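These notes concern the structure reproduced below.
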Amino acid sequence: MSMGLLFDATRCVGCGACASACKEQNHLPGEVEERTTAYTWTTVEEKEGAYVRHLCMHCLVPTCASVCPVAALKKTPEGPVVYDSEKCMGCRYCMMACPFDVPKYQWDRAVPIVGKCILCAGRVKEGKPTACAEACPADATLFGSRADLIKEAKKRIRENPGGYLDHIYGQTEAGGTSVMMISNVPFEKLGLKKDLPGEPPALRTWQVLSNIPDFVAVWGVFLYGVHWITARRDVVAQAHPRPRPEGPEAPKDRRPS
Amino acid sequence: MSTAATQPARRPWPGFWTALFAVLFIAFCVVTVIRFTKGLGAVTNLSDRFPWGLWIGFDLLCGVGLAAGAFTLTAVVHLFNLRKFEPIVRPAILTGFLGYIFVIMALMFDLGQPWRIWHALIYWNPHSVMFEVAWCVMLYTTVLTMEFAPVVLERFGFHAPSRIIHGLITPLVIAGVLLSTLHQSSLGSLYLIVPTKLHPLWYSQLLPLFFYISAIGAGIGMVILESYMSKRAFGRHLEMELLEPLARAMVVALGIYGLLRLQTIARNHAFGDIGALTYEGKMFLLEFALGVVIPVVLLSFQKLRTNASWLVTGAFSAVLGFVVNRLNVSVTGMERAAGIRYIPSLMEIIVSVGLVGLGMAVFALTVRYFPIFEPHPEPEPADPEGA
């Protein structure tokens, strides 16, 4: 079953327990930083009088996984988008392409890797909730199956229409994500990207890439055809020599006798 | 042989350039050491908000693009059979080859763990444009090496392997054109994935086509520039009868490209940015003036096209505009979404300039010691006279 998180901005008290628990769980060095980095995979930020979490959204069709040339990033059936640092060669295309600007890099290391939330993939596989969800004292981060979480979010919005915006952030954004958010403050004011397309960006490149085999065949035959015709023209011209206007060119290697 | 004799006399101030090159080389070595001991953050202005900078925008995108003269001219000579262009094929192939070596060396700096570059061979992800780029770089560099190999082989008297390559030239050239078409366009496809980040003056589903056509235009521009530079360096005459028709082809390529760009901007409703002269609007105007308007207008006139200095001006403008375009796509167009301005650090510039300098030095040396510009003898056994 595909698991995920539901973050309820109206419940978050900004204590930062999730960020600390994440550091501990994933053995990340240093203190919790202000913004997410390769060493801080989730943060809590105060915006417009509300608190919002920043973390990987774990897209259903992840852009990062689609662009990675060595398939170091991939979506697991349990929901997390995981990263294999042993494969990564550091092209940083995932950082460039991610619609949520999630992957971060170890700029200070001679042998750097990417860092991002992996939705506690190991724990989730064992059936346990993520460390951040377990640590949350206010039930602001809820762990569950994506389908259940959507049901729960809809229920909260329905039961308290004045208390929420009628929108589940992540239900359709960039083709849908495993981490979703509900709030009473507009999402763009919380610093979340708006106007994201409802279809995964990965489809746009696949439209081009999937045509390559056809293209190679047609273009290859065309080019050979051009060569065949133009070369044949030379053969014909040699068999039936005609006086050519380009006089000085022709008698280069044949002396007139 | 005659070139070697004229060489020392034509240099007015040899000490200056040698000194400059030496200083640059030392700086380049220092930056290299810092890069590989302290990491990318110590030498670049790259950050989590701006992960791709000068080394991708200039070294990779422009290095590959300006190497496009190689596949264009090999196609013209070997596939379209326009044999009169034969004398400028070798310099074009040499530029292409050095351009790709330049790109690979730049990647050695830009990749976080360049010693893993071979991972693309074993860990496949056909959904990734970068995967396609990696394979095109590898395969096309191989093709260029084989296309250039006869020059080296013949110089040292290995005629048999050279003859084998000559026999394989048609499939080799076709492979080269195919790979180049894929590679040039795939560099544009890299940016298809960022519809919400790249500014509407540059984002389009047609990016792969734009990158392809503009590379053909600028690649031809590079061929013209090289002929001019080698003329200056070696006191050769400019083959105007060859460069003039090439300039015409460049006008057509850039003209089509310019029209398509304008249509796309209209469709993206982005003309407002140009009218309002925003930062992006100004950068677009610079790019479009240099890369399309000036070369197309200048070289549309036969009088200017057949005049060496105007021809070179037009070609130079096209190449400059091409570079600005690639930097606009990779830097200018991405800055608004990133929320920060990216300006390359001095050390990033030193690496790029150092690599360009290295490439030019190797080009100059190769031209001096190998038969690149001299008329080279056709391999006689291929066409016996008895026919």
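The values are calculated or read from the model by the stated rules, or taken from the named source; none is laboratory data. Keep in mind the model is a prediction, meaning the values are calculated, not measured. Note that we place each Cβ from the backbone using ideal geometry, even for glycine, and neighbour counts take in every protein chain shown.
For the reader, a short list of remarks on this structure follows.
- Among residues of the stretch A:76-93 that are facing chain B (nearest Cβ under 10 Å), those with a beta-carbon under 8 Å from a residue that is surrounded by fewer than 24 Cβ atoms within 10 Å (Cβ to Cβ) and among the hydroxyl-bearing types (Ser, Thr, Tyr) at least six positions away or on a different chain give the pairs A:87/B:123.
- Among the residues making up the stretch B:334-350, a single one is under 19 Å from residue B:110 (Cβ atoms), among the small types (Gly, Ala, Ser) and either part of a helix (DSSP H, G or I) or modelled with pLDDT under 95 (or both): B:338.
- No other residue among B:86, B:132 is closer than 25 Å to residue B:245 by Cβ and within 14 Å of chain A (Cβ to nearest Cβ) apart from B:86.
- Candidates are the residues of the stretch B:237-277 that are surrounded by fewer than 16 Cβ atoms within 10 Å (Cβ to Cβ) and outside any helix (DSSP H, G or I); the one that is modelled with the lowest pLDDT is B:237.
- Residue in the stretch A:23-38 that is surrounded by 15 or more Cβ atoms within 10 Å (Cβ to Cβ) and either over 25 Å from the mean Cα position of the chain (by Cα) or not in a loop (DSSP other than H, G, I, E, B) (or both) present: yes
- All conditions but one from (1) among the hydrophobic types (A, V, I, L, M, F, W, C); (2) in a strand (DSSP E or B); (3) under 18 Å from the mean Cα position of the chain (by Cα) apply to residue A:7; the one that does not is (3).
- Filter result (hydrophobic (A, V, I, L, M, F, W, C) and loosely packed, with under 14 Cβ neighbours inside 10 Å) within the stretch A:103-137: A:111
- Test: residue in the stretch B:140-159 that is of a type outside the set (Asp, Glu) and closer than 25 Å to residue A:203 by Cβ: no
- Taking the conditions (1) within 30 Å of residue B:266 (Cα to Cα); (2) part of a helix (DSSP H, G or I); (3) in contact with a His (Cβ under 8 Å, 6 or more places away or on another chain); (4) not aromatic (Phe, Trp, Tyr) in turn, residue B:216 satisfies each one other than (3).
- Any hit, the stretch A:57-80, residues being assigned by TED's automatic domain parsing to the domain that holds residue A:163, among the polar types (S, T, N, Q) and either in contact with a Ser or Thr (Cβ under 6 Å, 6 or more places away or on another chain) or surrounded by fewer than 21 Cβ atoms within 10 Å (Cβ to Cβ) (or both): yes
- Picking from residues in the stretch A:41-64 that are without any contact (Cβ under 8 Å) to a residue 60 or more places away in the chain and within 14 Å of another protein chain (Cβ to nearest Cβ), the one that is nearest to residue A:7 (Cα to Cα) is A:43.
- Listed by position, the helices (runs of 4 or more DSSP H) contained in the stretch B:29-132 that have at least 3 residues being buried (at least 24 other Cβ atoms within 10 Å of the Cβ) are B:61-66, B:68-74, B:89-110.
- Among (1) facing chain B (nearest Cβ under 7 Å); (2) part of a helix (DSSP H, G or I), the one test that residue A:214 misses: (1)
- Total residues in the stretch A:84-99, condition under 13 Å from the mean Cα position of the chain (by Cα) and either of a type in the set (Gly, Ala, Ser) or surrounded by fewer than 22 Cβ atoms within 10 Å (Cβ to Cβ) (or both): 1
- Only one entry in B:299, B:304, B:311, B:290 is under 17 Å from the mean Cα position of the chain (by Cα) and buried (at least 16 other Cβ atoms within 10 Å of the Cβ), namely B:290.
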